[in-house]
Amino acid sequence: MMDHRNDFSNWLDPDTSLKIFKCLDDPADLVRVSCVSRTWRDFVVENGLSKQLCLRMFPQLSRVACVVELNQNGVKGHAEVGSSRSMESLALWKDHRVFSYFARFCLSPIAMDCIAKAICASSTDNFPQESIDQTLEERDNIAGRFSYWSSSGQSNPNVPETLTYQLASQICIIKEINIQPFQAHFQMGSPIYSAKSVRFKMGHLKASLNDLSDEMFVWTYTSPEFPMAQENRLQKFMLPEPVLCIGGILQVELLERVQRQEMDGLLYICVSHVQAQGIQLSPAFTVDILGPSGMFVLKRDHRANCQPSATSEDESGEITTDGDFQQIVDILRGHAMGIGAVDGWDEEEYEVDDFVEDDDVL
């Protein structure tokens, strides 16, 4: 065992030590550092290094108003040890536990399609045969019929279209979005009805339904514009950085029409498949959005684990939505159809006290 006097932090001022510790960009490194000594562990906690690392990874977390821990029975809590700890110290320890666990799952190598269901399309040519629901079907052909969504026809190529989806988790990390344009083999020349480019938005429902404006959502992220190839294949659009989607709403913006239908001379956009590849953080993490401000409460449930879960009806049943959400879906679907609104670590969290009993450097 090394003498604690060899600890470099004893020879540096706190600001210099903080700069060194901030160079750690892997959550596992922060865990290891916290296990070196009680002094280092307290330094990590008191300076909120786990939270700062999460903020660097996902700027969307800057809107966290507070964190809450649920179902802590049986979970060892450092914050409860000793009656002299201040409320500020208790909050720091809680932040440390929550954000350390959050960072752990954000680096999960497991990615899956996070789309649970379709909400609405900005227009539909032939409902329901060519509705947005067809874009979630993995098969290209169902019972002898092609599966795809089609916009209404337009003479102006600059008229955009949008496809809006509900994600499988209230809080997800989205890494890439995949889109396959539709090729109409039943038309002369087998034209491909792609868009010229695509852009993505993520966000949440508005807090109140009293404001029935055209925009029912609050968008907290807008991607750059990506060029789309006029090819019949699943095209992958990797986001510049993984995005933390808080609220579980994804919108695909299809920009500029390139294919004219010979039959009526109008321009259409048609899509066969849409996927959003990422990580679902529920049920271990959930959020409560606090009104128009967009701030939210991040909740960590100690009884739950972040594991990929089935999202199809056959495996997990209907995705539940509250009344407000269903009302918005009905309104948007009604508008789109042109009708009125109708109805590397273990599963357990590490505990530094299990490794460190004194101030000695291991």
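Note on region 102-130: residues that are in a helix (DSSP H, G or I), of a type outside the set (A, V, I, L, M, F, W, C) and at pLDDT 90 or above total 0. All but one of (1) modelled with pLDDT under 80; (2) touching an Asp or Glu at 6+ places or on another chain (Cβ under 9 Å) hold for SER17, so report the exception by its number. With respect to (1) modelled with pLDDT under 80; (2) touching an Asp or Glu at 6+ places or on another chain (Cβ under 9 Å), SER17 is out only on (2).
Here is a check on your reading of the model: is ASP95 open to solvent by 30 Å² or more (accessible area, probe 1.4 Å), at pLDDT 85 or above and within 22 Å of ILE171 (Cα to Cα)? Taking the combined requirement at face value, the residue satisfies it. Of the residues making up region 205-231, those that are assigned to a loop (DSSP other than H, G, I, E, B) and at pLDDT 95 or above are SER223, PRO224, GLU225, MET228, ALA229, GLN230, GLU231.
How many residues does region 281-313 contain that are at pLDDT 85 or above and either of a type in the set (Gly, Ala, Ser) or part of a strand (DSSP E or B) (or both)? Of the residues in region 281-313, 13 are at pLDDT 85 or above and either of a type in the set (Gly, Ala, Ser) or part of a strand (DSSP E or B) (or both). Among residues of region 232-268 being within 28 Å of the chain's Cα centre (by Cα) and outside any strand (DSSP E or B), the one that is nearest to SER122 (Cα to Cα) is GLY248. Within region 140-149, none of the residues are under 18 Å from VAL252 (Cα atoms), hydroxyl-bearing (Ser, Thr, Tyr) and within 18 Å of the chain's Cα centre (by Cα). Has region 29-46 got at least one residue that is at pLDDT below 80, over 25 Å from the mean Cα position of the chain (by Cα), open to solvent by 60 Å² or more (accessible area, probe 1.4 Å) and not aliphatic (A, V, I, L, M)? No, region 29-46 has no match at all.
The values are calculated or read from the model by the stated rules, or taken from the named source; none is laboratory data. Just so it is clear, the structure is predicted and the values come from calculations on it, not from any experiment. Methodologically, a virtual Cβ is constructed for each residue, glycine included, from the backbone with ideal geometry; neighbour enumeration extends over all protein chains shown. Surface accessibility is based on the protein's heavy atoms, side chains included, excluding ligands, DNA and RNA. Shrake-Rupley method; radii C 1.70, N 1.55, O 1.52, S 1.80 Å.
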